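Trainee: Submitted below is the structure of interest, expressed as structure tokens.
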Amino acid sequence: MILKQDKLKIKLSSFLAYLGLVTVLLTVSCVNTKKKTYENTADIPVNREMVAELTAPPHVPTPVGKRLAKKLIVNMEILEKEGEMTDGVKYVYWTFGGSVPGSFIRTRVGDEVEFTLSNHPDNKLPHNIDLHAVTGPGGGATSSFVAPGHEKTFSFKTLNPGLYVYHCATAPVGMHIANGMYGLILVEPEGGLPPVDKEYYIMQGDFYTKGENGEPGLQAFDMNKAVDEDADYVVFNGSVNALTGDNAITAKVGETVRLFVGNGGPNLTSSFHVIGEIFDNVFVEGGDMINENVQTTSIPAGGAAIVEFRVDVPGTFILVDHAIFRAFNKGALGMLKVEGEDNKTIYSGVVQEGIYNPEGGGVQTMPDDGKAKQTVATTEKTLAEKMESGKQIYMQTCFACHQAEGQGIPNAFPPLAKSDYLNANVDRAIEIVLKGKTGEITVNGEKYNSVMTRQSISNDEIADVLTYVYNSWDNNKTNVTKAMVDRVKSGH
Ligand code: HEC
Ligand SMILES: [Cu+2]
């Protein structure tokens, strides 16, 4: 009896082994045939249509599972809105769908995505979208440029599975990305990614503010720091505490966790690491290649990775950019809270929350570097001196928007070159630089309705930069003095 059963077992196990071999062979051949060229994924037929579920970070939409390729309707709204970078520090974010990073889009290979990008009427600027998952000019950017109060629709077929970044590509591109205009689009393979217990959406970004890290108040974007790659904040999900405390992501002991991690940049490469975990699998650069047993994975600006791990012990696991000053001093720090039974074999120590509390996160007081100090001009400078200093100020402060030759950017930033608006009224121009400007204006016959933020430069510097502007590019050669700026400032 026993013997018989054993024999049966042997038979059964060899049968299973055979079956296993067949499966392996089948899988191998499957993998081979699945390695699709552009032609055959382009040929995947679509079956009916559905409206895509879009989610704000750290959440992701429902997995595609075994569903067939569909016509997938994506409706994405651009919102420019004020948010909090960290306690007491406000920033005007430009967003896809109201969050930074923008809404997560989940598709499968072969989907025909019908993408409608709408630009909210209260927004100030035109925008567009370049999706790295798109095969076509500009990744969609050329077909999606849309002014406030308008919408554009274009469609594309997802040919290559993987995790892809999307971002705004409107000039100045770096500025749009730096203000938060990026997100992730996932293209799952046929049959979907293997199921896991928890999935989350995390995206790193670097931010450049006029004030130093922690300087309170509404902080404007700083083009010079952005060009120098000198970030004030490096954060996950758009702000310093987006993934800490009550905002931490969670899992239970024994669960498998998959993180879709992107890097919007605009400048810095992320050395993504979870303190106290080892990534069982990393889909390197968001593509097909899987690396196993990884401590830290490199995620380039404009790139992504999928990392997977099983959580075996409870505690708070800290997500960082392991370029570590960014984590502890600039905000690139998140938390994964794991609940469940201790496993003393795997980890015996006292698990203590808060052990890695950031020393330098949050509000910091920085020494005043006296940047905005009013310089006292004892004798009035010569025109040549003012031109030289004015040019420098222009290239540091105004050039990002008004461009090197004062030509501006159509529909976004008015020209200063040969500007009828500028030449008509010098006091008005001084006031614009002193106080900023919003609302509709007409420059050389073109309407602009946007925002110029107040420029934090001294009265002396305003005199120099406007003298430079007035004495360049066919303008009327007004020599703007500090006394004129003082008078406009005092309102007399
Ligand atoms: C962040 C982008 C930005 C920066 C930086 C900027 N501007 Fe502007 N500027 C604008 C926008 C946008 C408008 C139009 C505002 C509106 O629509 O009401 C404008 C309007 C103006 C105008 C009036 C319109 C015209 O074309 O004559 C002047 C003059 C001007 N800016 C000068 C400057 C000077 C000088 C600097 C540097 C000290 C500067 N701006 C920096 C965005 C900017
Ligand atoms: Cu944009």
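Trainee: Looking at the range 49-339, what % of its DSSP beta bridges pair antiparallel, to the nearest 5?
Mentor: 65 percent
Trainee: Between the range 216-272 and the range 150-187, what is the separation of their alpha carbon centroids in Å?
Mentor: Answer, in whole Å: 18.
Trainee: Which pairs break 30 Å Cα to Cα here: K70/K252; K81/K386; K124/K418?
Mentor: Over 30 Å apart, Cα to Cα: K70/K252; K81/K386.
Trainee: Quick one: E114, E82, E380, fewest Cβ neighbours within 10 Å first, how do they rank?
Mentor: Ascending number of Cβ neighbours within 10 Å: E82, E380, E114.
Trainee: Kindly rank 391-401, 155-165, 326-336 from highest to lowest mean number of other beta carbons found within 10 Å of each residue.
Mentor: 326-336, 155-165, 391-401
Trainee: For K157, which aspartates and glutamates qualify as cross-link partners when the Cα separation must be under 20 Å and same-chain residues fewer than eight apart are set aside?
Mentor: Candidates past the 8-residue exclusion: E39, D43, E49, E53, D111, E112, E114, D130, E188, E190, D288.
Trainee: Highest mean first, how do 228-236, 240-248 rank when packing is the count of other Cβ atoms within 10 Å averaged over residues?
Mentor: Packing proxy ranking, top to bottom: 228-236, 240-248.
Trainee: Over the Cα atoms of the range 251-355, how large are the radius of gyration and the largest Cα-Cα distance (Dmax), in Å?
Mentor: For the range 251-355, the Cα-based Rg and Dmax read 14.1, 43 Å.
Trainee: How would you rank H150, H402, H167, H322, going from fewest to most other Cβ atoms within 10 Å of each one's own Cβ?
Mentor: H150, H322, H402, H167
Trainee: Shifting gears a bit: With respect to the cross-link table entries K330/K391; K330/K437; K152/K437; K225/K435, which display a Cα-Cα separation exceeding 25 Å?
Mentor: K330/K391; K330/K437; K152/K437
Trainee: Going by average Cβ density within 10 Å per residue, which order do the peptides 188-194, 299-305 take, highest to lowest?
Mentor: Most protected by this proxy first, the peptides run 299-305, 188-194.
Trainee: What number in nm² do you get for the chain if you take the convex hull of its Cα atoms and divide its surface by four?
Mentor: Seen from a random direction, the Cα hull of the chain projects 29.8 nm² on average.
Trainee: Over the chain, what is the relative contact order in whole percent, taking alpha-carbon pairs under 8 Å and six or more residues apart?
Mentor: 11 percent
Trainee: Shifting gears a bit: Tally the DSSP beta bridges in the chain and give the antiparallel ones as a percent, rounded to 5.
Mentor: Bridges in the chain are about 70 percent antiparallel.
Trainee: Under 12 Å from the Cβ of D312, count the other residues' Cβ atoms, weight Lys and Arg +1, Asp and Glu -1, and hand me the total.
Mentor: Summing Lys and Arg as +1 and Asp and Glu as -1 gives -2.
Every number in this text was worked out from the coordinates using simple rules, so none of it is lab data. Given the structure is predicted, the values throughout are model-derived calculations rather than measurements. All Cβ positions, glycine included, derive from the backbone under ideal geometry; neighbour counts span all protein chains shown.
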